[in-house]
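Remarks on the structure that follows.
The values are calculated or read from the model by the stated rules, or taken from the named source; none is laboratory data. This one's a predicted model, so the numbers in the text were calculated from it and none came from an experiment. Positions of Cβ are backbone-derived with ideal geometry, glycine not excepted, and every protein chain shown enters the neighbour counts.
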Amino acid sequence: MTRNERALREGYEAFNRRDIDTVLAFLHPEIEWIEPQQLPGARTARGHAEVRELLSELFEVWGTSRYQPESIEQDGEDLVATLRVTHRGQESGVVVVALLKHRWTIREGRATRLEQLGDA
């Protein structure tokens, strides 16, 4: 396992614990976090402050969220993660399960770009 893959897996583990500070430590201060355009309200967050806000909003809506990497593959200089994602609605309790892909650009153990590609 490469240093960048290890850092990515640790980032997902921190996300699953809702440990925003550790997630941000994995992200470069000038991270570009791109949501899929097919999502209602999709946006691009830039920098730690905007990503913190995005994650806080996500955690308010979903009572629990789990991103489980099924595979992480090298694609040129990027890593592409195929993820089984499970969310449970905070108020409704509705469970949503999806298979998604994320394309990460990681330099020296810190993510500079995340493009959420949507359904795998």
Next on the checklist: Given the criteria acidic (Asp, Glu) and surrounded by 15 or more Cβ atoms within 10 Å (Cβ to Cβ), does residue 60 qualify?
Outcome noted: no
Checklist entry - Of (1) among the charged types (D, E, K, R); (2) closer than 27 Å to residue 1 by Cα; (3) at pLDDT 95 or above; (4) surrounded by fewer than 16 Cβ atoms within 10 Å (Cβ to Cβ), residue 50 satisfies all except one. Which? => result (2)
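For (1) in a strand (DSSP E or B); (2) of a type outside the set (Val, Ile, Thr), each residue gets a yes or a no:
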residue	(1), (2)
55	no, yes
80	yes, no
96	yes, no
104	yes, yes
Item to check | Candidate set: region 21-44, residues that are modelled with pLDDT of 95 or more, aliphatic (A, V, I, L, M) and more than 16 Å from residue 78 (Cβ to Cβ); chosen: the one surrounded by the fewest Cβ atoms within 10 Å (Cβ to Cβ) | outcome: 25
Item to check | Restricting region 1-22 to residues that are assigned to a helix (DSSP H, G or I) and among the polar types (S, T, N, Q), the residue that is farthest from the chain's Cα centre (by Cα) | outcome: 4
Checklist entry - For region 1-20, which residues satisfy the criterion of being closer than 11 Å to residue 72 by Cβ and among the acidic types (Asp, Glu)? => result 5
Item to check | Residue check for residue 68: within 12 Å of the chain's Cα centre (by Cα), at pLDDT below 95, under 25 Å from residue 2 (Cα atoms) and not hydrophobic (A, V, I, L, M, F, W, C) | outcome: no
Checklist outcome for this item: The lone condition residue 104 fails out of (1) closer than 20 Å to residue 7 by Cβ; (2) surrounded by fewer than 16 Cβ atoms within 10 Å (Cβ to Cβ); (3) at pLDDT 90 or above is (2)
Checklist entry - Does residue 115 meet the test of being modelled with pLDDT of 90 or more and touching a Leu at 6+ places or on another chain (Cβ under 7 Å)? => result no
Checklist outcome for this item: Among residues of region 57-73 being part of a strand (DSSP E or B) and of a type in the set (D, E, K, R), the residue farthest from residue 98 (Cα to Cα) is 73
Item to check | Of residues in region 29-53 being touching a Phe, Trp or Tyr at 6+ places or on another chain (Cβ under 9 Å) and assigned to a strand (DSSP E or B), the one farthest from residue 98 (Cα to Cα) | outcome: 46
Item to check | Every residue from region 71-88 that is at pLDDT below 95, surrounded by 14 or more Cβ atoms within 10 Å (Cβ to Cβ) and more than 14 Å from the chain's Cα centre (by Cα) | outcome: 88
